1. Output the number of the condition that V456 fails; it satisfies all remaining conditions of (1) modelled with pLDDT of 90 or more; (2) over 30 Å from V84 (Cβ atoms); (3) surrounded by fewer than 19 Cβ atoms within 10 Å (Cβ to Cβ).
2. Pairs only if they're at least six apart or on different chains, beta carbon under 6 angstrom, first in segment 1-16 and more than 16 Å from D193 (Cβ to Cβ), second modelled with pLDDT of 95 or more and of a type in the set (F, W, Y); list them, first residue then second.
3. Go through (1) closer than 12 Å to V181 by Cα; (2) under 19 Å from the mean Cα position of the chain (by Cα) for S385 and report which single condition fails.
4. Restricting the search to segment 446-462, which residues are acidic (D, E) and in contact (Cβ under 8 Å) with a residue 24 or more places away in the chain?
5. Suppose the filter is surrounded by 21 or more Cβ atoms within 10 Å (Cβ to Cβ), more than 18 Å from L208 (Cβ to Cβ) and at pLDDT 90 or above; does A355 pass it?
6. So, D361, is that one part of a loop (DSSP other than H, G, I, E, B), more than 20 Å from the chain's Cα centre (by Cα) and either touching a residue at least 40 places away in the same chain (Cβ under 8 Å) or over 23 Å from T323 (Cβ atoms) (or both) or not?
7. Which residue pairs have Cβ atoms under 9 Å apart, sit 6 or more places apart or on different chains, and have a first residue in segment 382-406 that is in a loop (DSSP other than H, G, I, E, B) and a second that is hydroxyl-bearing (S, T, Y) and surrounded by 11 or more Cβ atoms within 10 Å (Cβ to Cβ)?
8. Quick check on my filter: what residues within segment 386-397 are on the phi < 0 side of the Ramachandran plot, surrounded by fewer than 20 Cβ atoms within 10 Å (Cβ to Cβ) and in contact with a strand residue (DSSP E or B) (Cβ under 6 Å, 6 or more places away or on another chain)?
Amino acid sequence: MSNRADALYRAASQHGSKAAVIFEGQAWTFADLLARSQSYAAGLKRSGFERGDKLGLMLASRPDFIALQYAVFILGGTILPLNVFYQGHEIEHALSVCEADHLVLDSEFAQRLKPDIKARCPTLRQIRVFGPIEEAQQALLKPAEDLLGSAEQAPPPEDLSADAVPMMLYTSATTGKAKGVMLTVGNLEANYDASPSWLLLSHDDVLLCPLPLYNTFALNQCINASISLAATMVMLPRFDPLACMQAIAQYRCTFFPAVPTMLQRVLYHPEVENYDLSSLRRFCVGAAPVPAPLLARLHERIGPQARVLTGYGLTEATAIVATHEVKAGPDGELIRAKSIGLPLPGIEMAIWDEACQSVPDGTVGEICVKGPCVMKGYYKMPEASGEALVRGWLRTGDLGTRDSDGYYTIVDRKKDLIIRGGQNIYPADIEEALYRHPAVAEAAVVARPDESLGEVPTAFVALKPGAHTDSAALLAHCKVDLAYFKVPDAVAILPELPKGPTGKILRRELRQFLSKPTH
């Protein structure tokens, strides 16, 4: 029996005066963070929150997010972090699909709620808001500040079984309507609590958190890592390259979890030379591969001591399931450039065909994962759970291969596969070619319907600051670098590619450009 809040109690007991979170120049010690969590636990209990209740949390990045999360843990409830970019109908869907009992959100997000949201979300009993409440919403909303009770009145942490669900995360809305992923105490212990050692982190690290807190990337590698290690986290309200450089230089941050687009914006920022970033020792990069030019730029600006790990993971497997250290050979080319590495301890991976049978090494198939990190299932969605979970294995929806040394490589998302006149095209191949062009900072490829061929690839790129090229030159580059059938039918140059809050390029928005002429 255990509770996810136990680590916070332990950190406060052993390192109470140490800074747990530094936010906008203010340091919250571990003692402060525990006291605030206990205050919220007391206030939530007083307002009717019971063991097993589910609380939706839609807050901008700040320490109160962490305190409320741990308050829910103390009370034996389930935390439901919501994407702060959700609009009204998406909020309603998320709350309904997970049957939320309580909602706490910022006033700017409360404006997206419809007056009849409680009728639309029948389980929702209470909505609390940080910030001003408009007169028209006063009958619906109550101040979140009223949830701060006396820390001394907080109950002790509830004892929970390994099968209890303290956290429910939503699958990415980039692939359709969100589903509630049930993560158990056992899932989080097996994955979140093991992640710091997998990422070579320690008590002395200073973690930079420029990520949105509702995403498993930040929940694991920032919040849980800092509390389980009793390490300091420097939290930013949002990602901003200049703010990242200032924080790294001021607080001597040692660990930077990011996606490649974040690193691009930091390392190619016009003021990067003005900041000392040499304290950085490790990076964990997710969502996309690290191109060779970006790794070279990182070592040039920060130093050869910086180690870059790519982490492959997904919400349904709690967080990361494989890591790979990104290294360049003597020729400057990446070693195992596309590899996501080897499965982490206690995790099995395999490549399956459509019949859910293993395929020989080197054959493209679906990456599947097995281990104590695999979710309990989608909340009250037995059919979807049955499709995703087969014989204890999680079907990831990612296409990949395994080599004879056991290294796994992602080829592409199943849904992103382009079939051009019977030829399979993986967008990653074209994107990699575009990244080799010296002017390209970002690249993404999507399918465009074609009457004769079925589908053809269309590319979108953003250029590095100060770089110049045109679509014709990029197409010529692709013709040299790619098989004829992989060459995109068009390359569109945009100021910046559309991204979600974690920095992941949103292909669905790029597809909206396809009805417009490209040049």
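The values are calculated or read from the model by the stated rules, or taken from the named source; none is laboratory data. Everything numeric here is computed off the predicted structure, so don't read it as measured data. Glycine also receives a Cβ, built like all others from the backbone with ideal geometry; neighbour counts cover every protein chain displayed.
1. Failed condition: (3).
2. Between residues of segment 1-16 that are more than 16 Å from D193 (Cβ to Cβ) and residues that are modelled with pLDDT of 95 or more and of a type in the set (F, W, Y), the close pairs are A12/F30; H15/F30; G16/F30.
3. Looking at each condition in turn, S385 falls short on (2).
4. D450, E455 - these are the residues of segment 446-462 that are acidic (D, E) and in contact (Cβ under 8 Å) with a residue 24 or more places away in the chain.
5. No, not satisfied.
6. yes
7. Close Cβ pairs satisfying both conditions: D403/S339; D403/T409.
8. If the condition is that a residue be on the phi < 0 side of the Ramachandran plot, surrounded by fewer than 20 Cβ atoms within 10 Å (Cβ to Cβ) and in contact with a strand residue (DSSP E or B) (Cβ under 6 Å, 6 or more places away or on another chain), then W393, R395 are the ones that fit.
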